[in-house]
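All remarks here apply to the structure that follows.
Just so you know, all these numbers are worked out from the coordinates, no wet-lab data involved. This structure is a prediction, so every number in the text was calculated from the model and none was measured. Neighbour counts run over all protein chains shown; Cβ positions are idealised from the backbone, glycine included.
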Amino acid sequence: MKALVVLVALCGTAAAQSSIAAERSAPAIHRFGYRIGAGMLPLEGTPTFTFSLGLGLEQRLVGRFRLLAEYEWMWTEARVPPERMAPPEYGDGHRIQLGVRHVLARTRSFPVRAWVDGELGGGAALVTDNLAGTHFVPDGFAGLRFGYDLRTRNGDSPSHAFTAEFLLRAIVIDHGAGGMFGVGMQWGD
């Protein structure tokens, strides 16, 4: 009797799969992913190495424009010249960025599509180090992202695209300009 109940339940679930895929609505978030990055920023006028782990969300705006929102945890280490005889300066922090991405060029091939995007935005970081304490660091950025999408037409897939990307970004803060590069992955539609 138990086997019959299980069999009926499984048949009902299997029959419902096609209608579930047909009723799939557009996702609230276009893409979600993560990135590992490294760069250099002039914090307090001192060249500072940064390493970051970040999470990112993207949402289509209009045409080839997308809104991006990012959170990064950063680790920092000042590059102090040896002649200063200063103790090493290191710390960590949090950075939030908002911006816009625009597709500059892309291929139209399927299932793999290569692309280049430009981006522009701003944000702020809260960085703490062992010598100077906590800094609030507003910033602006411009950059290029290039990579590829691996796409599927499978209606049952919760994610229709996997994206691998490289990022080059110039970052301007109140003490000068720096930059970063990163490698990331995203999933979504």
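Values for this structure:
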| item | result |
| --- | --- |
| In nm, spacing of pseudo-spin labels at Val172 and Val100 (7 Å Cα→C-beta vector) | 1.7 nm |
| The range 63-135: trypsin sites (Lys or Arg not before Pro) in DSSP loop, at most 10 other beta carbons within 10 Å | Arg108 |
